[in-house]
Amino acid sequence: MKRSSSHRLLAHGRSFAAGCVVLLLLAAGVWTSWDTAHHIVLAKGREHGTMLVTACGEDTCTGPFTPDATSADRTSVTVERSVAARTGDRFPVVVKPGTGDVVRTGAPGFLHSWAPLGGALMLAALVIGGGMRLTRTAWGAGIAGAVLLTATFVAL
């Protein structure tokens, strides 16, 4: 049976709409990830040092900051609790300009900053497979997202 032009038009419309949703998901994942990742990726000229976790609240952990080179000591800086393992841990950080907040650097910090993109890839994989009917591409996106999230979990 031959498909009518209206069926083809609907199929192309569905693929176009699904493609727009995929682009929106991936753009949101990159945008959210870049908010933290740019402090790590573009860290030249920022204050680098080490943080010792001394206390943790519900959302954040605090502790003193020991600089690597020309930065000033800080008695207390704040990091997201999700990247701070437990009280007594020491890890490399970079200070967000103009704040007392820090971002974890190194492989664990880098992977953690890109975790929203991993989630977006996994969500986009569902739309790619179901809405666009591109199963191989969907599997690739889903596996890439899962690998990123798993690596983040292992690294932290």
Going through region 130-156 one residue at a time, which ones are among the aliphatic types (A, V, I, L, M), open to solvent by less than 50 Å² (accessible area, probe 1.4 Å) and within 10 Å of the chain's Cα centre (by Cα)?
-> Leu148
Is there a residue being within 29 Å of Gly106 (Cα to Cα) and in contact (Cβ under 8 Å) with a residue 24 or more places away in the chain anywhere in region 9-17?
-> no
Out of Thr78, Thr66, Thr87, Thr99, which single residue is out of contact with any strand residue (DSSP E or B) (no Cβ under 8 Å at 6 or more places or on another chain), surrounded by fewer than 20 Cβ atoms within 10 Å (Cβ to Cβ) and either among the hydroxyl-bearing types (Ser, Thr, Tyr) or not in a strand (DSSP E or B) (or both)?
-> Thr99
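Rundown of residues vs (1) in contact (Cβ under 8 Å) with a residue 24 or more places away in the chain; (2) closer than 19 Å to Trp31 by Cβ; (3) part of a helix (DSSP H, G or I); (4) open to solvent by less than 20 Å² (accessible area, probe 1.4 Å), yes/no style:
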{"residue": "Phe91", "(1), (2), (3), (4)": "yes, no, no, yes"}
{"residue": "Val103", "(1), (2), (3), (4)": "yes, yes, no, yes"}
{"residue": "Phe110", "(1), (2), (3), (4)": "yes, yes, yes, no"}
{"residue": "Ile128", "(1), (2), (3), (4)": "yes, no, yes, yes"}
Has region 81-90 got at least one residue that is at negative phi, at pLDDT 90 or above and hydrophobic (A, V, I, L, M, F, W, C)?
-> no
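The values are calculated or read from the model by the stated rules, or taken from the named source; none is laboratory data. Quick caveat: nothing in here was measured; it's all calculated off a predicted structure. Every residue, glycine among them, receives a Cβ derived from its backbone with ideal geometry; neighbour counts consider all protein chains shown. For the accessible areas, the whole protein counts, side chains as well, though only heavy atoms, and no ligand, DNA or RNA atoms are used. Shrake-Rupley method; radii C 1.70, N 1.55, O 1.52, S 1.80 Å.
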